[in-house]
Amino acid sequence: MDEQKKNSGYDHVIPDIADWPIYKLSQDRRHFIAEINTFTLERLMQQPTGKLTDMLSKAIYQERARMKEEPWKVDPPNEKQFWRKIRGQLLGQSLDRSEEEARATNEEILRKIIHRYAEEIVGTFQIKTFLFARRFLTLFFTRLLNTAASRNWRRFFGSRHRLVDRLLVEGQVEAVRELMKKGTVIMVPTHFSNLDSILIGYALDSFAGLPSFSYGAGLNLYNTGYTAYFMNRLGAYRVDRRKKNTIYLETLKAMSNLSIQRGVNSLFFPGGTRSRSGALETKLKLGLLSTAVEAQRGIYEQGRTEKVFICPLILSYHFVLEGQFLIEQHLKRMGRERYIKSKDEFYSLRKLAKFAWQFFSEENDITLSFGQPMDVVGNYVDAQGRSFDQYGNEIDLREYFYSSGRVAKDLQRESEYTKQLGDRIVDRYFRDNIVLTSHLIAFAAFQVLKNNFKRLDLYGLLRLPAEDYIFPIGTIKDVVAQLRDELRQRAAAGKIKMSEQLSWDLDKLIADGVNRLGTYHVDKPLRYNKEGQIISESFKVLYFYHNRLDGYGLEHTIQWKKEYALQLV
C-alpha cells in the first residue's frame with residue numbers, strides 16, 4: 001500500500017451503498033429464502049425414503065432436547081408448538097402407507113422445517129443502520145484513541161490522534177479491491193479475540209474501502225435487545241450452534257452457496273472459533289469453505305464466467321483481551337485432569353471499552369495483513385483474477401469442474417478441492433503472518449525457560465513459580481538476535497513477514513516487546529522489575545503469546561550456550 005493510501009485509506013470500490021451486493025440481497029430477501037428452500041429440499045430429497053424418515057426423527061429428537069436443555073430468550077415463542085406438530089405429523093404416518101405416500105409426507109415436513117430455518121438464518125441490511133454504525137464506531141474509536149493517548153478524558157473531543165495510525169492494514173489490499181470488480185471475495189481471517197469481527201468490519205469499510213461482507217453471528221448474541229437490533233440490520237446471518245442436525249446444516253450451507261452465487265462477498269472464520277492456544281490455525285472447519293467451491297461450480301453451470309476468490313486475512317495483536325482465559329481452556333482441553341478449567345468471561349461493551357482504552361493508551365497497534373488471494377481450489381490469482389499453477393502457468397479454472405467435456409457436479413471431487421483449499425489457506429496464514437516485537441520476545445523468553453528445564457513437560461513448566469526466576473538480559477538479547485536473523489532469511493524467502501519494529505536495535509526492540517506484552521493482563525507475561533530485569537508473572541500467559549510463532553520450527557535454529565541460565569530471585 002502506498003504511503004498516501006496508508007495515511008488516508010481508500011475510496012470505496014462501490015461508492016453507492018444501494019449498489020452493494022449485500023443490500024441487493026436484503027432487498028430480495030423473500031425470493032432468496034425461496035431459493036434456499038428449493039435448493040435444500042432438492043438436495044435432501046435425493047436420499048431414500050427410509051433415510052429421510054430417520055433424518056427427520058433425529059432432527060425432531062435433537063430439537064426437543066435443545067428446547068428442554070438449553071433454551072434461549074431469542075427462541076421463537078411458538079417453538080414447542082411447532083415441533084410438537086411436526087412430531088405428530090411424522091408419527092401420523094401409518095405403517096401400511098405406501099412408500100410414495102410416506103415420501104410425500106416427508107417432503108411436506110422437510111419443506112416446513114427448511115423454511116423455518118431459512119427464515120431464522122437470513123438477515124437483512126439496512127442502509128440507515130449501517131451509516132449510523134459507521135459514524136458511531138468512527139467517533140467512538142477516534143475519540144477514545146485521542147483520550148487514551150493523552151490519558152485525559154478532557155481530550156475526548158480533541159482530534160490530534162488518529163485511528164488510522166493504530167489500525168494498520170497491510171498486504172494485498174489493492175489486489176483484493178480489484179478482485180471485487182471481477183467476482184466475489186470470500187474473506188477468511190484468523191480468529192483470536194471477540195474484538196475481531198468489529199475491527200475487521202470497520203477496517204474493511206473505513207480503510208480498505210470494501211463493501212460490507214455477509215458474516216455469521218451466533219444466535220446467542222441476539223438475546224440482548226440492542227445487539228439484536230443492529231445485528232438484524234447489518235448483514236449478519238444467524239448461526240445457532242446448538243442445532244447440529246443435518247437439515248439445519250444443509251440449510252445453512254445452501255444459504256452460503258446461493259449468496260456467493262449472487263455475488264455477495266462473505267466473511268467467515270474457518271478456524272470455527274477463537275484460537276484457544278494463541279497459535280495460528282492449522283486445522284480448519286471445511287463446511288462453509290466447501291460452499292465456495294460448490295458456488296463456483298454452480299456459477300459455471302449457469303454459463304457465467306465470474307470467479308470466487310479466497311483471501312486470507314491475518315490479525316496481529318500485541319495482546320489479546322481474553323488471552324488468559326483462552327489459554328486456560330486450551331490447557332484444560334489438552335491436559336484434562338492435569339489442569340483446572342477457568343471460566344471464559346462474556347465481554348460487555350464496558351469491558352471492551354476498558355480494553356480499548358488500555359490498548360490505545362499504551363500506543364499499541366493492530367495489524368491486518370491481507371494474504372495472497374487464490375481461487376477456490378487454492379491456485380494463486382493476480383489482480384486481474386487470472387489463476388496460475390505452482391509453476392506460474394496461467395490455467396483455466398473451469399476445467400477443474402469438467403466431466404466428459406462439460407461442467408458437472410462431483411461432490412467427492414469438490415470435497416478434495418475443499419481440503420486442498422484449506423491447506424493453502426493455512427500455508428498463507430503462516431507466510432503472510434506479520435511478526436510483532438511482542439511475538440518475538442514471548443517466543444524467545446519461553447524457549448529460554450524450556451531450555452533451562454529440559455526434563456519437564458509443558459505442565460511441569462507451567463507449574464514452576466514464575467516469581468522465582470529472572471530472564472537475564474544478555475541471554476534474551478542473544479536469543480532474540482539469533483531468531484531475528486532467522487526470520488530475516490525466511491522473510492526474504494517469502495515464508496513470513498516482519499513488522500518494521502523488528503529492524504530496531506536489539507535493546508529498543510526488546511523493550512518494546514516486553515512493554516507491549518505487559519499492557520493489559522493483571523499477571524504480566526513479561527515485565528521489567530524495579531532493577532530493570534525481565535521477569536514473568538505468569539508462564540501460562542507467556543506460553544499463550546509464545547504460541548503465535550509455534551509451527552515454524554524456529555526453536556531448532558537457536559544455538560544454546562551454557563551461560564543461558566535463568567537467574568533465581
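Tabulated data
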{"quantity": "Complete set of residues in the stretch 247-281 that are touching a Pro at 6+ places or on another chain (Cβ under 7 Å) and aromatic (Phe, Trp, Tyr)", "calculated": "PHE269"}
{"quantity": "Near pairs, Cβ below 7 angstrom, 6+ apart or cross-chain, from the stretch 82-93 (under 15 Å from ASP54 (Cβ atoms)) to any residue that is modelled with pLDDT under 90", "calculated": "GLN93/ALA102"}
{"quantity": "Residue check, GLU394 in contact with a strand residue (DSSP E or B) (Cβ under 8 Å, 6 or more places away or on another chain), charged (D, E, K, R) and more than 30 Å from THR305 (Cα to Cα)", "calculated": "no"}
{"quantity": "Test: residue in the stretch 387-394 that is surrounded by fewer than 12 Cβ atoms within 10 Å (Cβ to Cβ) and touching a Lys or Arg at 6+ places or on another chain (Cβ under 8 Å)", "calculated": "yes"}
{"quantity": "GLU63 being closer than 30 Å to GLU294 by Cα, among the acidic types (Asp, Glu) and either in a loop (DSSP other than H, G, I, E, B) or in contact (Cβ under 8 Å) with a residue 60 or more places away in the chain (or both)", "calculated": "yes"}
{"quantity": "Index of the failed condition, LYS540 passing every other in (1) in contact with a Phe, Trp or Tyr (Cβ under 8 Å, 6 or more places away or on another chain); (2) among the charged types (D, E, K, R); (3) not in a loop (DSSP other than H, G, I, E, B)", "calculated": "(1)"}
{"quantity": "GLU531 vs. criteria farther than 20 Å from SER277 by Cα and part of a loop (DSSP other than H, G, I, E, B)", "calculated": "yes"}
{"quantity": "Near pairs, Cβ below 6 angstrom, 6+ apart or cross-chain, from the stretch 368-385 (farther than 21 Å from SER206 by Cα) to any residue that is in a loop (DSSP other than H, G, I, E, B)", "calculated": "TYR380/GLN372; VAL381/PRO373; VAL381/ASP375; GLY385/LYS182"}
{"quantity": "Helices (runs of 4 or more DSSP H) fully within the stretch 404-515 counting 3 or more residues that are under 26 Å from the mean Cα position of the chain (by Cα) and surrounded by fewer than 17 Cβ atoms within 10 Å (Cβ to Cβ)", "calculated": "411-431"}
{"quantity": "Complete set of residues in the stretch 260-284 that are of a type in the set (A, V, I, L, M) and farther than 16 Å from THR190 by Cβ", "calculated": "ILE260, VAL264"}
{"quantity": "Some residue of the stretch 383-392 being modelled with pLDDT of 90 or more and closer than 24 Å to GLY271 by Cα", "calculated": "no"}
{"quantity": "Selection from the stretch 258-287 of residues that are surrounded by 24 or more Cβ atoms within 10 Å (Cβ to Cβ) and in a helix (DSSP H, G or I)", "calculated": "SER259, ILE260"}
{"quantity": "Extreme residue, modelled with the lowest pLDDT, among residues of the stretch 298-330 that are over 30 Å from LYS182 (Cα atoms) and part of a loop (DSSP other than H, G, I, E, B)", "calculated": "LEU321"}
{"quantity": "Residue in the stretch 403-421 that is under 19 Å from GLU170 (Cβ atoms), at pLDDT 95 or above and in contact with a helix residue (DSSP H, G or I) (Cβ under 7 Å, 6 or more places away or on another chain) present", "calculated": "no"}
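Residues checked against (1) at pLDDT below 95; (2) outside any helix (DSSP H, G or I); (3) more than 24 Å from ASN265 (Cα to Cα):
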| position | (1), (2), (3) |
| --- | --- |
| LYS5 | yes, no, no |
| LEU25 | no, no, no |
| ASN37 | no, no, no |
| THR40 | no, no, no |
| MET55 | no, no, yes |
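Residues are listed down the side, and each one gets a yes or a no for (1) within 27 Å of TYR215 (Cβ to Cβ); (2) in contact with a Gly (Cβ under 9 Å, 6 or more places away or on another chain); (3) crowded, with 17+ Cβ neighbours inside 10 Å:
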position: GLN46; (1), (2), (3): no, no, no
position: LYS51; (1), (2), (3): no, no, no
position: LEU56; (1), (2), (3): no, no, yes
position: PRO76; (1), (2), (3): yes, no, no
position: HIS115; (1), (2), (3): yes, no, yes
position: GLY123; (1), (2), (3): yes, yes, yes
position: ILE127; (1), (2), (3): yes, no, no
position: PHE132; (1), (2), (3): yes, no, no
position: THR138; (1), (2), (3): yes, no, no
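The values are calculated or read from the model by the stated rules, or taken from the named source; none is laboratory data. Note that the structure is predicted; figures quoted are calculated from it, not measured. As a convention, Cβ positions derive from the backbone with ideal geometry for all residues, glycine included, and neighbour counts pool all protein chains shown.
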